[in-house]
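Here the structure comes first, spelled out in structure tokens, and everything after it is commentary.
The values are calculated or read from the model by the stated rules, or taken from the named source; none is laboratory data. These numbers were taken from a predicted model, which means no experiment stands behind them. Cβ placement follows ideal geometry from the backbone for every residue including glycine, while neighbour counts extend to all protein chains displayed. Only protein heavy atoms, including side chains, enter the accessible area calculation; ligands, DNA and RNA are left aside. Shrake-Rupley method; radii C 1.70, N 1.55, O 1.52, S 1.80 Å.
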Amino acid sequence: MSTLQGKTAVITGGNSGVGRATAELFAKLGANVVISARRAEALEEVANKIKAEGGNVLAVPTDISKDADCKNLMKAAVDAFGSIDVLVNNAGILDTGLAPVDKFDDAETARVIGVNQIGTMQAIRAALEYMKEGSSIVNVASVAGVNGGGGAAYVSTKSAIIGITKHTALLLADKYIRCNAVCPGTIVTPMTMNMKPEQLDMRMMGAMSKHSDLKIRPCYASDVANILAFLASDDSKALTGQILVSDFGSSL
């Protein structure tokens, strides 16, 4: 297993699902963990668990769609631990019902873009004020951004994250600051499990089923966290600009 001993990792969306699993794993691997999300109570629950297990953690309530919040998050991390070595852009939201391109809601699409796409970009921009050679940025995109299987708003943002990953890697390659992305397939998290079947667009669901083997097991948060740990660590120091689909092969 990769080590993150002595590194400081900022993890957005660290209150549940992949973010929580990543924060708990990174702390066990020796990282100083800074977790953020909008819900302070849920953040504190995660922080208390990490502290109880001997880990170093700081919880910073943050709305990544707000630039000032992103700047405050990164400054708080540096004030507490002295550096930012890893940024995991995990925070994200789904659109309601997998609405396709001919049915998407303008206001909801703006909200999804504000968090998933602009929030990711703002977090990167704020973190780069402090990152140095050897740092690693890992973005959590989605297989939806690769094959188009999902609501139009969500797909557009996850495709954008893949693009900004390649852009950031290209821009910073000579600085030896890496940027990679993980694209989970179907994943069992509170966010996905709370989707209401009666709100799902059946035409979109039918189209998605043509490109995914539903007999293959889904990902769990811990599966994704293990990949994020590898990309955050020096074990993957030669990798940048890579887009890794983690879905057990269901979309092949």
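Scanning region 74-124 for residues that are part of a helix (DSSP H, G or I), open to solvent by 40 Å² or more (accessible area, probe 1.4 Å) and in contact with an Asp or Glu (Cβ under 8 Å, 6 or more places away or on another chain) yields a count of 1.
If you go through region 1-20 and pick out every residue that is part of a helix (DSSP H, G or I) and buried (at least 24 other Cβ atoms within 10 Å of the Cβ), you end up with 3.
Anything in region 35-56 that is in a strand (DSSP E or B) and open to solvent by less than 20 Å² (accessible area, probe 1.4 Å)? List them, or say none. Hits for region 35-56 are 35, 36, 37. Just one of the listed residues (18, 33) is of a type in the set (Val, Ile, Thr) and over 16 Å from residue 77 (Cβ atoms), namely 18. If you go through region 131-149 and keep only what is open to solvent by less than 30 Å² (accessible area, probe 1.4 Å) and more than 17 Å from the chain's Cα centre (by Cα), you end up with 131, 149. Annotation note: Cβ proximity below 6 Å between a residue of region 125-154 that is closer than 23 Å to residue 235 by Cα and part of a strand (DSSP E or B) and a residue that is of a type outside the set (Val, Ile, Thr) and open to solvent by 10 Å² or more (accessible area, probe 1.4 Å) (sequence gap 6+ or interchain) occurs for 136/178; 140/90. Taking the listed residues 99, 68, 76, 59, the one that is among the small types (Gly, Ala, Ser) and within 18 Å of the chain's Cα centre (by Cα) is 59, with no other qualifying.
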